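Following: one structure in structure tokens, then a few remarks.
The values are calculated or read from the model by the stated rules, or taken from the named source; none is laboratory data. Being a predicted model, the structure only gives us computed values, none of them experimental. Ideal geometry is used to build each Cβ from the backbone, glycine not excepted, and the neighbour counts take in all protein chains shown. These area figures cover heavy atoms from the full protein model, side chains too; ligands, DNA and RNA do not enter into them. Shrake-Rupley method; radii C 1.70, N 1.55, O 1.52, S 1.80 Å.
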Amino acid sequence: MKGHVAAKAAAYIAGLLDAANAADVERHMVTCAECARAVSDMRETAACAAHELPEKTPAPVVRERLLARVGRMIGPAGTLVRAHESPWTPSAIPGLESKKLFVDESTGNITSLVRMQPGTVYPPHRHFGPEQCYVIQGDVVLNDHALHAGDYEVALASTVHQSVTTRNGCLFLIVSNERDEFMPAISTRSSIPTNTALN
């Protein structure tokens, strides 16, 4: 079970999902025995923990630390990500690392910063929803054109980007979707599973 699926399953068990997302989880479990089993195991574990763990009142300092941490993360109207609190994560693609900024659980949209070293190749992929890209530094070479610092482009749902590369390296902000998929033609520079892209 992937990390984002496991997190959604845990939220489902805890009753934290809205009706639409809860229904999505239930529909998924009908066709995925692995996830149905995992949800059942989580539910059983949660039930046992609730009965077996002793009640304990945390020290006041724990509450203060938790609220301080949440205060750094959550602004008045949403999520706040500080540069020094969000690490870069290497990907399976050599020369590419990303920093996940926000995940919209209702749509599957993921907002990320992506950094690519010169010559890095991102494999062909199909967009589940609109993919928005804003280049902050360097160049991004797409199907038949290049984007440079300050350029912005939207690729519509169901469109395909052939391999994406960069001549001089780049940093860009991208809004993609967790259901974007790599195409069968995988880059020869790395072995990447043909499943979700940029996640």
Label points 7 Å out from Cα along the Cβ direction at Ala19 and Glu97: separation in nm?
4.5 nm
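So how do Thr57, Thr165 rank on accessible area, 1.4 Å probe, biggest first, that is with the largest at the start?
The ranking, largest first, comes out as Thr57, Thr165.
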Would you kindly find the accessible area of Thr89, with a 1.4 Å probe and non-protein molecules such as ligands, DNA and RNA excluded, rounding to the nearest 10 Å²?
80 Å²
Enter the accessible area of Arg179 (Å², nearest 10), with the probe set to 1.4 Å and all protein chains included.
120 Å²
What ³J(HN,Hα) values, in whole Hz, does the Karplus curve 6.51 cos²θ - 1.76 cosθ + 1.60 give for segment 143-158 when θ = phi - 60°, with x put for Gly and Pro?
3, 9, 7, 10, 10, 10, 3, x, 7, 9, 8, 10, 9, 6, 4, 6
FRET efficiency, Thr31 to His148 (Cβ-Cβ, R0 30 Å, nearest 0.05):
0.10
Give me the number: length gained by fully extending Thr107 to Met183, i.e. 0.36 nm times residue separation minus the C-alpha to C-alpha distance, one decimal in nm.
25.2 nm
Would you mind calculating the gained length between Leu171 and Thr79 on full extension (0.36 nm times residue separation, minus the Cα-Cα distance), in nm to one decimal?
31.0 nm
Residue by residue, what Karplus-based ³J(HN,Hα) values in Hz, rounded to whole numbers, does segment 88-93 have, using 6.51, -1.76 and 1.60 with θ = phi - 60° and x for Gly and Pro?
7, 10, x, 10, 6, 8
Judged on accessible area alone, 1.4 Å probe, highest first, His161, His145 line up as His145, His161
May I ask you to give the percent of accessible area on segment 87-189 that is carbon plus sulfur, with a probe radius of 1.4 Å?
56 percent
Met29 accessible area, assembled protein chains, probe 1.4 Å, Å²:
40 Å²
